[in-house]
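Single-structure report; data block below.
Bear in mind that the values in this text are calculations on the coordinates, not laboratory data. Source: prediction; values computed, not measured. Virtual Cβ from ideal backbone geometry, glycine too; neighbours counted across all protein chains shown.
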Amino acid sequence: MSLTNRSTYFYELPGELIAQYPHKKRDDCRLLCLDKQSGKVSHKSFPDLLSHLHSGDVLVLNTSKVIPARLKGRKESGAAVEVLLLRELQPNRWECLVKPGNRLKKGTKINFSDDLRATIVEHFTEGMRVIDFHHSGDFWQILDHLGEMPLPPYIKRNTIIDDSENYQTVYAKERGSAAAPTAGLHFSKDLLNSLTEKGVIVTSVILHIGLDTFRPVKVENILEHQMHREFCSISQESASIINQAKLEGRRIIAVGTTCVRTLESFIEHNFQKNGISMNNRNHIQSGSKWSDLFIYPGFKFQIVDGLLTNFHLPESTLLMLVSAFAGYENVMAAYQQAVQERYRFFSYGDAMLII
């Protein structure tokens with residue numbers, strides 16, 4: 001068994017455990033707790049998170065907001081087309097995934113409505129295109145009206161009105177994601193208030209989720225996998241809160257793999273404190289960047305001490321990240337227990353806390 005082989009991260013998952021709808025209440029889900037040192041697993045409910053986090057812990061949220069990124073239109077021939085907006089390259093120009101990918105060539109024109117049209121201007125492999133949009137009126141208002149929430153392909157149903165709220169965290173602020181940071185979907189405003197009342201410090205980062213949420217690892221040697229770049233940022237306030245906590249030995253708990261990738265992408269190796277040059281890898285800088293950080297076993301975590309996450313697809317980069325954080329054997333054993341205990345999996349499923 002090699003931890004650089006994709007197939008090492010495969011596990012059997014009965015299809016009926018893939019959640020098709022969210023829980024009726026956001027925090028009304030199960031919580032599998034994994035001790036990353038011992039591998040011990042315990043089964044809780046999500047509000048029990050209160051008993052696992054302590055005063056002074058820093059809880060880091062990804063406040064990226066999902067846009068209604070899925071558009072359905074027609075070519076000039078009348079053939080149906082589906083476009084998924086991934087990231088805005090410049091005003092009115094987007095990187096997109098398209099269906100059917102083999103029939104949408106450069107120069108193809110697409111009509112979505114009387115107010116929104118598009119032209120494919122660049123053609124890439126794997127259904128990737130660069131598309132220019134032409135609109136009458138405010139683009140975002142048109143998108144809110146025409147677009148659908150981009151539910152992942154393992155949710156085998158059409159989107160419904162409730163998805164516009166359910167597939168969005170209660171703290172989402174800055175639009176830009178083509179998928180939800182799903183670990184955060186479990187939080188209600190009441191639970192967040194209870195955590196802050198306990199003394200847990202809540203801060204945030206931004207990572208706009210793009211292609212790698214949808215793209216599987218296709219090569220057997222995972223070292224050959226190319227991560228798609230995603231835009232992320234950390235404010236000066238958040239960086240200061242996190243750095244102070246690290247200096248004082250307090251825990252940083254990341255909500256979701258996107259927060260992990262963001263925090264570990266902003267390591268500042270050399271900095272000054274009180275005029276003295278420091279070399280401390282447990283320190284982050286503020287700013288914005290495009291990150292293609294790929295985390296798999298062997299990665300040395302510098303910032304994150306705990307991780308709240310969902311259950312991830314077999315052979316996915318997200319499962320590789322979780323295996324790097326908690327240990328491959330621990331994670332796969334925990335997943336086996338989750339299957340046996342009939343946990344709900346993936347975006348609308350249950351949660352996992354690793355400390």
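Odds and ends about this structure:
- Low-density loop cleavage sites - trypsin sites (Lys or Arg not before Pro) in region 53-84, where at most 14 other Cβ are within 10 Å (DSSP): none
- The chain - mean residue ellipticity at 222 nm from DSSP helices (-39,500 (n - 2.57) per run, n ≥ 4, rounded to 500): -5500 deg cm²/dmol
- For the pair region 178-231 / region 302-320, the C-alpha centres are spaced 9 Å from each other.
- Rounded to the nearest 10 degrees, the angle from helix 189-198 to the longest Cα principal axis of the chain is 20 degrees.
- Equivalent ellipsoid semi-axes - Cα gyration tensor, region 276-355, angstrom: 29, 14, 12
- Rounded to the nearest 10 degrees, the inclination of helix 317-326 to the longest alpha-carbon principal axis of the chain is 0 degrees.
- Within the chain, percent of DSSP bridges classed antiparallel, to nearest 5: 75 percent
- Exposed-loop-free span, longest in the chain, where GluC sites (Glu not before Pro) count as exposed if DSSP calls them loop and at most 14 other C-beta atoms lie within 10 Å: 127-219
- A simple rule links phi to the HN-Hα coupling: the Karplus curve 6.51 cos²θ - 1.76 cosθ + 1.60 with θ = phi - 60°, which for region 54-61 gives 10, 4, x, 4, 10, 9, 10, 10 Hz, with x for Gly and Pro.
- If R0 equals 56 Å, the separation of the Cβ atoms of L50 and S77 corresponds to a calculated FRET efficiency of about 0.45.
- Kirkwood hydrodynamic radius over Cα pairs of region 41-129, then Stokes diffusion coefficient at 4 °C and 1.567 mPa s, in µm²/s: 80 µm²/s
- Summary of the geometry: region 104-137 and region 56-88, compared by the centres of their Cα atoms, lie 15 Å apart.
- Calculated SAXS-style log₁₀ I(q)/I(0) at q = 0.13, 0.15 Å⁻¹ - the chain, Debye, Cα scatterers: -1.06, -1.36
- Whole-Hz couplings from phi, Karplus 6.51/-1.76/1.60, listed for region 82-94; x for Gly and Pro: 10, 10, 10, 6, 9, 7, 7, 7, 6, x, 6, 10, 10
- Label point distance in nm, L3-Q336, each placed 7 Å from Cα along Cα→Cβ: 1.8 nm
- Here the simple spin-label model places points 7 Å from the Cα toward Cβ, and for I267 and K109 these points are separated by 5.2 nm.
- Converting phi to 3J(HN,Hα) with the Karplus coefficients 6.51, -1.76 and 1.60 and the offset θ = phi - 60°, region 307-313 yields 9, 9, 8, 8, 8, 10, 5 Hz in sequence order, with x at every glycine or proline.
- Spacing of the two label points (7 Å from each Cα toward its C-beta) at N193 and F10, in nm: 4.9 nm
- In degrees, nearest ten, helix 328-340 long axis to first principal axis of the chain (Cα): 70 degrees
- Cross-link pairs beyond the 24 Å C-alpha cut-off, checked among K25/K246; K72/K156; K36/K300; K25/K198; K24/K99; K25/K99: K25/K246; K24/K99; K25/K99
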